Amino acid sequence: MAPTALSNRFINIVAAAHSAVAVIDTGIDYLHPALGGCFGPQCKVAFGYDFVGDDFNQSNINPMPDEDPLDNCSTSAHGTHVAGIVAANATEMTQTGFIPFQSFLGVAPQATLGGYRIFGCAGDTATTDVMTAAIYRAFDDKADIITMSVGGAGAYTESSDAIAAQRVSEKGVYITFSFGNDGSQGLQTGGNPSISSGAMAVASVDNLHAAQFYMITPNNERIFYLAGTAFGGWQSNVQSKIVVNNPPGTPNDGCRSPTLNVTGAVVLYAFNNGDECGSAVRCNLAAQAGATGCLIYNVGAIAGSSTIPSGSISMADGLKIIAIVTNNPSAIFTFTNSQGLAPISTGGTPSSFTSIGLTGDLLFKPQISGIGGYVYSTISSFAAEKQRTSNAYATLSGTSMATPYVAG
C-alpha cells in the first residue's frame, strides 16, 4: 500500500463528493505541483487566508494578515504535509525536485483545499484568538470540512476555539482536530481544542510501511532509518564505523559529551522515556566531539543535529548494530541516500505517542483513529532544501498526520 493511498474503490467514492476541505495550519505551499501549482478558484488550493504574516512568532505576536496563505518559509512545512495527505496527486510528477520516491494519491485527491495560515515562518506559536478566527473564516468561506492539526494543553471546553468548533459543527460542517501526541504521559492527555464537543478528536495508528532511507551492514543487510529534520540524512553513500557507549543503552545515553573517541565516526545512542535530553542535544554534542553522523534508536522521528547527518532507528535495529560493533569495533557500515519501502513492525496498532482520553469534562475522546505513524506526503521546496532532501516530500508521524487522513 502506498504511504498515504487508499484503495482505488474508496478513493473514487470520496472524490465523487468534491468536498472543500479547509486546512488550518502553517499555510500551504500551493506551488508544489502535487498540490496543483497555483492558488485561486480554478486551482486545487482554491481559497484561504493568512491571519499572521511571515514575522509572527513568540517574540512578535502582532499579526500582519493578507489574502495569500502561501507557506514556503517554514522548515517543517507542516501545513503542506497535512494538505498532501488530504488531496495530493503525485502520480505523474516529472519536474526536478518534485518526483516522489513512489507515486501516490492523497485520501481525496479531487477535493478542493482551503489554506488558513495561523503560524509565521518560525512556526513556534499560534494564538487561540487566531485559531478561533480561522475556524469562523473557513465556515464563512463555505468549507464542508475543517481540519486542524494544532493544539495545546487544556482539559475543558471553555476556550473560544473549542466553542467556535462546536458552533460551526452545529451548522453541518464536519470538523477533525488532532487529539495530541502525549500518550506516554498516561490518561487524560488530549489537547485543546480537540476536546470540543463539536470536533472529531483523532488518534493515530502506525502505517504498515514507510518510505525510509537505509544503511547497509557489513553483512549486506539493510537497516532503515528516518532522517533527522534539522540537517537531514546522508547525502551520498558514506562508509563509516559506528561507536556505541559502553555499556550501551543506559539512561540519558548521549546527554553528556562523549567520553569515547568518536572522531570521524557515526555514534549510536539509545532513547529512553524520561531522559533529560532529546535528539538535538545528543547529536550536537556528538558533532562537537568530531562525529560525522548520529543515530538514535528506540524512538520515532527526530530533529537531530543541525550540522551532521542524523537518523532514528528501531530498538531491534539498534540492538543489531550493537551486536555487530561489540563483535567487531572496526566494522564498516555504508550510509546511503537511497530510499526503500520499510515494513513497520507496529503497523496497524495505536501509535506509541497518541494521546489518551477522557477529557476533563469526561467526554469520550478520541472518537476515531487514522494513519498517523510514518506518513509520506508533500513538503515545500524551502523545507526540502533546509532538510537537505532532493525532493519535496517527507515522512512524518503524529496525530497531525492522522487528522487530515480522517478529514479526507
The lysines whose Cα lies under 27 Å from the Cα of residue 44, excluding any fewer than 8 residues away in the same chain, are 142, 171, 386
The chain, Gaussian network, Cα under 10 Å: of 326, 189, 80, the residue fluctuating most is 326
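Give me the net charge of residue 139's neighbourhood, meaning all other residues with Cβ under 11 Å from the Cβ of residue 139; Lys, Arg count +1, Asp, Glu -1.
0
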Scan of the chain for chymotrypsin sites (Phe, Trp or Tyr not before Pro) in DSSP loops with at most 13 other beta-carbon atoms within 10 Å gives a longest site-free stretch of 157-363
Helix 78-87: inclination vs the chain longest Cα principal axis, degrees, rounded to 10, gives 70 degrees
Percent relative contact order for the range 211-342, counting Cα pairs under 8 Å at least six residues apart, stands at 37 percent
Rounded to the nearest Å, the spacing of the alpha-carbon centers of the range 191-227 and the range 266-294 is 21 Å
If amide H atoms are modeled at 1.01 Å from N in the peptide plane, then the residues at a separation of 5 or more from residue 252, or on another chain, having amide H under 5 Å from its own are 272, 276
Dividing the helical contributions, -39500 (n - 2.57) per DSSP H run of n ≥ 4, by the residues of the chain yields a 222 nm value, nearest 500 deg cm²/dmol, of -5500 deg cm²/dmol
Checking the range 134-219 for trypsin sites (Lys or Arg not before Pro) in a loop per DSSP with at most 13 other beta-carbon atoms within 10 Å yields 142, 171
Quick calc: nm separation of the 7 Å Cα→Cβ label points for residue 67 and residue 390 -> 4.0 nm
Of all C-alpha pairs within the range 326-365, those more than 16 angstrom apart amount in percent to 70 percent
Checked against the structure, the computed mean projected area of the Cα convex hull in nm² among (i) 23.5; (ii) 37.7; (iii) 18.9 is the one labelled (iii)
When the chain is treated as a Gaussian network with springs between alpha carbons less than 10 Å apart, the largest mean-square fluctuation among 237, 245, 337 is found at 237
Comparing 338, 314, 169 in a Gaussian network model of the chain (Cα, 10 Å), the one with the largest mean-square fluctuation is 338
Relative contact order of the chain (C-alpha contacts under 8 Å, at least 6 apart) in percent is 22 percent
antiparallel share of DSSP beta bridges within the chain, to nearest 5, in %, is 40 percent
To the nearest 10 degrees, the tilt of helix 128-140 (Cα long axis) against the first principal axis of the alpha carbons of the chain is 50 degrees
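Values in this text are rule-based calculations from the coordinates and carry no lab data. Bear in mind the structure is a predicted one, so any value in this text is a computation, not a measurement. All Cβ positions, even for glycine, are placed from backbone atoms using ideal geometry, and neighbour counts span all protein chains on display.
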